[in-house]
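Report on the following structure.
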Amino acid sequence: MALKESTKKEEANLYELVITVDGETFDKAVNAVYKKQVKNINISGFRKGKAPRHIIEKMYGSEVFYEDAMQDCYPDALYDAAKEAEVKIVKVDSLEAVEAGKDGFTFKAVVVVEPEMEINNYLGIEVTKKSTDVTDELVNEEIEKVRDRNSRMVTVEDRPVEDGDVAIIDFDGYVDGEAFEGGKSENYNLKIGSGNFIPGFEEQIIGHSTDEEFSINVKFPDDYQAEELKGKEAEFKIKLHEIKTKELPEVDDEFVKDVSDKETLEEYKEELKETVAKRLKEEADKDIDDQIANKLMELLEGEIPEAMYDNQANEMVREFDMRLRSQGMDINTYMQYMGVDINTLTGMYREEAEKRVKLRLALETIAKKENIEVSEADLEDEHSKMAEAYKMEVEQVKSAVPADSLTEDVRVEKALNLVKEKAEVK
């Protein structure tokens, strides 16, 4: 296989490649197609699937297997040609066979390629570090979270409903005096203040007492999902069965013994200080990373093909599908459940996909400008890290993730580390 000609089109990032596949390679591909298809071919005088290739070609024409053979050759031929032309193919716009015969075949490919980008002023980026001071307020917030997780719901007997309570109610809704679908339920647990019901519904439960029966009036929002209820006035008949409220445990030494391995409240607070300090550091580091990433994306110059964003969004959807499958679901079931199609789902990833593409291009450009190299030791180290993370043997990782595919990832990571090292943190 050989690149015969490479021409940059007038449109940005578009190339026309003229590629020749040699006769030997093409003949092997033709023979492979023959072996796959011969079992379905009937030729008089031969048992089904046993006709020699030259007999079939004589009867149907020497080009009988060419089209399928060319299809099989395209991927490798494109890969080799792109490598020779020193471009990375993002998308194949068109393929057109020019000529084919026993000496091989030639085809034209119009392809979208990764762009040549520019970036400057990436060393010495100014970033602001978030505070990592552990205050008493932050420690107390952690304690309140633990209290909330260890709370219990208790029945209220001596007062009416208040904001934050759970009211157990029957409700029966009417529009224009007629009951409507979905407007009735029994023993429904309604958290007052949750905002889960029609505006005004929860607020009108407040002040009522256990066993009380009453009516409330609300108006469905103009953008309500049920077309027949949009903007309609409704009456709901309510029966209040029970009022429950959250009871939080007292914060004392007994509480500490229940929720931790510490003996006293002071010991527990010291432990929480360490926990909060670790979280604040992680958040501050993540924030610095985000600031650097955003700045690099701002500094990046060049025209990025839409196909790169599309490819990344599609890859993210595939990753999401894999996560779903690991949990016993698949993407088609998920889309049916959520009421979305593949275009909507892919669109949800579009913004993040654009960020990933821009950041990757920025770091690849920096790696090129800084002449960052990846050594064998770098690859060994990365393979070892992956083996440890995935609980696999290093050799297994090497087989699954070849050095060629890993090199660019390591180069990009080294570029990012360089920018972070040189950043000015305030």
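The values are calculated or read from the model by the stated rules, or taken from the named source; none is laboratory data. What you see is a predicted model; the values in this text were computed from it and never measured. Reconstructed Cβ throughout: ideal geometry from the backbone, glycine too, with neighbour counts over all protein chains shown. These accessible areas exclude ligands, DNA and RNA; they are computed on the full protein's heavy atoms, side chains included. Shrake-Rupley method; radii C 1.70, N 1.55, O 1.52, S 1.80 Å.
Of all lysines in the structure, those lying under 29 Å Cα to Cα from Lys36, and not within fewer than 8 positions of it along the same chain, are Lys28, Lys48, Lys50, Lys58, Lys91, Lys102, Lys108. Computed over the chain with a Gaussian network model linking Cα atoms closer than 10 Å, the most mobile of Arg279, Arg159, Arg318 is Arg159.
Projected label points at Leu123 and Glu408, each 7 Å from Cα along the beta carbon direction, are separated by 2.5 nanometres. Could you give the distance between the Cα centres of the range 7-75 and the range 363-412, to the whole Å? Measuring centre to centre over Cα atoms gives 38 Å. Apolar share of the accessible surface for the chain: 45 percent from carbon plus sulfur atoms, 1.4 Å probe. Among the listed values (1) 1.47; (2) 1.52; (3) 1.18, the one computed from these coordinates for Cα Rg over 2.2 N^0.38 Å is (2). Remark: spin-label model distance Glu263-Tyr79 equals 6.6 nm, labels positioned 7 Å along the Cα→Cβ axis.
Over 21 Å apart at the Cα level, from the set Lys398/Lys420; Lys273/Lys385; Lys286/Lys358, are Lys398/Lys420; Lys273/Lys385. With every protein chain kept in place and ligands, DNA and RNA left out, what is the accessible area per residue of the range 100-237? Probe 1.4 Å, answer in Å². With all protein chains present, the range 100-237 gives 60 Å² per residue. Among Gly328, Leu300, Val340, which residue has its Cα furthest toward the positive end of the charge dipole of the range 286-426, with +1 on Lys/Arg Cβ and -1 on Asp/Glu Cβ? About the Cα centre, the residue reaching furthest to the positive side is Val340.
Rounded to the nearest 20, the Cβ-based charge dipole of the chain about its Cα centre (Lys and Arg +1, Asp and Glu -1) stands at 2580 debye. Our coupling estimate for the range 354-362, obtained by passing each phi through the Karplus curve with A = 6.51, B = -1.76, C = 1.60 and θ = phi - 60°, is 4, 5, 4, 5, 5, 5, 4, 5, 4 Hz, Gly and Pro reported as x. The order of Val111, Val64 by accessible area, most exposed first and with a 1.4 Å probe, is Val64, Val111.
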